[in-house]
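Before any comments, here is the structure.
The values are calculated or read from the model by the stated rules, or taken from the named source; none is laboratory data. None of these values were measured; they are calculated from a predicted model. Glycine also receives a Cβ, built like all others from the backbone with ideal geometry; neighbour counts cover every protein chain displayed. In case anyone asks, the SASA skips ligands and DNA or RNA and just uses the protein heavy atoms, side chains included. Shrake-Rupley method; radii C 1.70, N 1.55, O 1.52, S 1.80 Å.
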Amino acid sequence: MGVTSELLKAESCFVLRAEDRADMFAQVYKKLLEQGLVAAGFLDQVVDREEDFPTGLASCNLAPGLPNLAFPHTEGCFVKQQRVVPIKLLAPVSFKSMVDPSRELPVGFCFMLLDQKADGQAELLARTMTFLSQAEPAALSWIFAQTDPAGLYSALREEGF
């Protein structure tokens, strides 16, 4: 069950280097705002929500050698368009674990989930997790190894995301 092409767009795939989580959110927010995908309050909301409800996930249950993941999102009222936003981090940034919030995880890849519906993120998260759990480990390694946005977009599309 792939994510439809409306949800994954080349211009919303990012490869970036960030000092920390806040810096990553700020960089991505600026681009999403320019693309008209989010509203002005989005940055504060996504930062606060990540603090209260961490989304970091250790990847060891998917396959060895993959980067840890995070799935940041926020309330639908700050989102203008539904989108899954893949973010490859060139150097890991720290996220708290969704399973054990007292643990910090070095996260190398994020899927930011944008949905204007109140419970839409849950559906996007389920679809993303289904993709991750069904993809071959080699395919995931290849996706997560991409170092430019166009390559990242192509790899995700080719693997049926």
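Under unit Cβ charges (Lys, Arg +1; Asp, Glu -1), what dipole magnitude, rounded to 20 debye, does the stretch 87-134 have relative to its Cα centre?
Working: 5 positive and 5 negative charges, 27 e Å.
With Lys and Arg at +1 and Asp and Glu at -1, about 120 debye.
Between rounded, prolate and oblate, where does the chain land on the alpha carbon gyration tensor, with a ≥ b ≥ c its root eigenvalues, rounded for a/c under 1.5, else prolate if a/b exceeds b/c? Provide the component values of the computation, followed by the final result.
Working: a/c = 1.36, a/b = 1.14, b/c = 1.20.
Rounded, since a/c falls under 1.5.
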Inset, instruction - Beyond 23 Å between alpha-carbons counts as too far, so tell me which of Lys96/Lys117; Lys30/Lys80; Lys9/Lys96 fall in that bin. - result: Lys96/Lys117; Lys9/Lys96
Inset, instruction - Report Asp52's accessible area, 1.4 Å probe, all protein chains in place, as a number in Å² to the nearest 10. - result: 110
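Restricting to the stretch 2-161, what percent of DSSP beta bridges are antiparallel, rounded to 5? Let's see the in-between values first.
Numbers: 13 of 21 bridges.
So the antiparallel bridges amount to about 60 percent of the total.
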Inset, instruction - Keeping all protein chains in place, calculate the accessible area per residue for the stretch 1-88 (probe 1.4 angstrom), answer in Å². - result: 45
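Determine the share of the chain's accessible area contributed by carbon and sulfur atoms, expressed in whole percent, with a 1.4 angstrom probe.
Working: 3910 of 7340 Å².
Here carbon and sulfur together make up 53 percent of the probe-accessible area.
For the stretch 1-74, which trypsin sites (Lys or Arg not before Pro) pass both filters: DSSP loop (anything but H, G, I, E, B) and at most 14 other C-beta atoms within 10 Å?
Working: sites: Lys9, Arg17, Arg21, Lys30, Lys31, Arg49; in loops: Lys9, Arg17.
Within the stretch 1-74, the qualifying trypsin sites (Lys or Arg not before Pro) (loop, at most 14 other Cβ atoms within 10 Å) are Arg17.
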